[in-house]
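The structure appears right after this line, and notes come after that.
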Amino acid sequence: MIDISRVQKELQDCEKDRDSSGIRVCPKSDNLTRLTGTIPGPIGTPYEGGTFQIDITIPEGYPFEPPKMQFSTKVWHPNISSQSGAICLDVLKDQWSPALTLKTALVSVQALLSAPEPKDPQDAVVAEQYMKNYQVFVSTARYWTQTFAKNSSLEDKVKRLVEMGFGDAQVRSAIESSGGDDNVALEKLCSG
Amino acid sequence: MQNQNEVVKDDKVEECGNSSAECDPSFQQEEEESAKVPYVADKEPLSSLSAEYKAGSPILLQKIKILENQYIAIRRTRGDGNCFFRSFMFSYLEHILESQDRAEVDRIKANVETCRKTLQNLGYTDFTFADFFALFLEQLDDILQGSEEESISYEELVNRSRDQSVSDYIVMFFRFVTAGEIRTRAEFFEPFITGNTTVDQFCKTSVEPMGEESDHIHITALSDALGVAIRVVYLDRSSCDSGGVTVNHHDFVPVGTTNEKEVGASAPFITLLYRPGHYDILYPKPPCKVLDNVEK
């Protein structure tokens, strides 16, 4: 019994200030249970300049149950699994409330990028590096941002968008008409 | 090699935040226990309470005896962290169903509209709370006898209180109202919040999420926001120094209630029994005839 109309309202709400927030949510499936969230890496962090994609699944009990969120862009962060993209964040677990939204949850994820909590890690290896060898952590995180969160090759972009359920030809023309920017292309695909 | 390490560690920390209650096996057990009780159970004679404490402390047994003089029945609610709100919900709606007090419904509706504005002023997005408000108002309308439509039956009220899609929505409605009241009167509530927690954090972590238990702050805020007095009777092991055992109660009287008729004369129509960590509903004995005569 998912509250679909609520999800629809959330998408519209998110759309309203996406230019100022940089945060986007696009449906991946027609029934709105699978979505893709996009957040820009916070300025002044090793994630600056990167664009991070987050897989969102709306559970049956939404908005009483939290949305399931997982990074699909690889990211090096103590509270995010470098393997699976799983996120350790209280508002996505027991501190979730129906008063929160997909957007506020993504804002919290973005804030987590700015303020890692290595003492409550999701990825023990990254957390250990963060605490014992901070400089190495910063350069690794920055390298991962460069490698995975921007400037992906055309084939990577095509693959990603096709995986979201769009047709290959449709994706290629959208990327081309967006000057190679796959996020703009995604918006076009979502809106068109 | 690193990968291998990580997979193992990932598995281990899959449920990160080990402090969270979900990971605590004893909590799970508790949760399973509590799931056997419906959100709102059937009314039981008060003697079921003493049966529960057969081998309990003498102080508790004495206190239950005293309660038996004043109260006739108890209605248990599920111990899922929402018990205060759930008890308040049922008790209030049941009162309206029985009294058909249209003036009270009009009064609370006006308060609900104020609460809605409060949330809007605080910057809550409308769609996050609108459905919860609508569902509560809908219950009020269904419970009052209309000019053409019958009010819902007592059984239907019980059913709805046990139906997650109604019951949880109303609990969440109360949580919104409570958070709105605490945030707008932050200066008043701040001194009561313990630890290094701001009013904002308190609302985010202890009021707005479902399943977070209520204390005096929640009760005061809800009572004030909706303008409904609540009596809480305390059943615990405390006793007075003088040796005599009494059962303490506290009346939460909404701020701004100055009308004598509202405050002084009668006890609040909502009475809850508090045992450390849990709230249930208490039913007072009907006023005694002798007392009636004395008053006349």
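The values are calculated or read from the model by the stated rules, or taken from the named source; none is laboratory data. Since this is a predicted model, take the numbers as computed values, not measurements. Virtual Cβ from ideal backbone geometry, glycine too; neighbours counted across all protein chains shown.
A compact table of results
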| item | result |
| --- | --- |
| Selection status of residue B:228, in contact with a Ser or Thr (Cβ under 6 Å, 6 or more places away or on another chain) and in contact (Cβ under 8 Å) with a residue 24 or more places away in the chain | no |
| Candidates A:184, A:171, A:126, A:158, filtered to the one that is surrounded by fewer than 17 Cβ atoms within 10 Å (Cβ to Cβ) and of a type in the set (Val, Ile, Thr) | A:184 |
| Scan of the stretch A:43-102 for residues that are part of a loop (DSSP other than H, G, I, E, B) and of a type in the set (A, V, I, L, M, F, W, C), ordered by number | A:43, A:58, A:64, A:75, A:76, A:88, A:89, A:96, A:99, A:100 |
| In the stretch B:194-205, residue farthest from the chain's Cα centre (by Cα) [restricted to those that are more than 14 Å from chain A (Cβ to nearest Cβ) and among the polar types (S, T, N, Q)] | B:196 |
| Residue satisfying all of: in the stretch A:103-128; facing another protein chain (nearest Cβ under 8 Å) and of a type outside the set (Val, Ile, Thr); nearest to residue B:82 (Cα to Cα) among these | A:120 |
| Check on residue B:165, surrounded by fewer than 18 Cβ atoms within 10 Å (Cβ to Cβ), within 14 Å of chain A (Cβ to nearest Cβ) and more than 16 Å from residue B:227 (Cα to Cα) | yes |
| Search result, residues across the stretch B:78-114 that are over 17 Å from residue B:254 (Cβ atoms) and among the charged types (D, E, K, R) | B:78, B:80, B:86, B:94, B:98, B:102 |
| Test for residue B:191: is it of a type outside the set (A, V, I, L, M, F, W, C), farther than 24 Å from residue A:65 by Cα and over 14 Å from the mean Cα position of the chain (by Cα) | yes |
| Unmet criterion (only one of (1) out of contact with any Pro (no Cβ under 7 Å at 6 or more places or on another chain); (2) within 14 Å of chain B (Cβ to nearest Cβ); (3) in contact (Cβ under 8 Å) with a residue 24 or more places away in the chain; (4) not in a helix (DSSP H, G or I)) for residue A:150 | (2) |
| Residues located in the stretch A:168-188, provided they are of a type outside the set (D, E, K, R) and free of Cβ contacts under 8 Å to residues at least 60 places away in the same chain | A:169, A:170, A:171, A:173, A:174, A:175, A:177, A:178, A:179, A:180, A:184, A:185 |
| Matching residues in the stretch A:74-102 - criterion: being of a type outside the set (Gly, Ala, Ser), more than 9 Å from chain B (Cβ to nearest Cβ) and in contact with an Asp or Glu (Cβ under 8 Å, 6 or more places away or on another chain) | A:77, A:78, A:80, A:102 |
| Enumerated helices (runs of 4 or more DSSP H) restricted to the stretch B:181-296, each holding at least 3 residues that are modelled with pLDDT under 95 | B:260-263, B:289-295 |
| Residue within the stretch B:39-55 that is under 20 Å from residue B:271 (Cβ atoms), modelled with pLDDT of 95 or more and assigned to a loop (DSSP other than H, G, I, E, B) present | yes |
| Filter result (in a helix (DSSP H, G or I) and closer than 17 Å to residue A:149 by Cβ) within the stretch A:176-192 | A:182, A:183, A:184, A:185, A:186 |
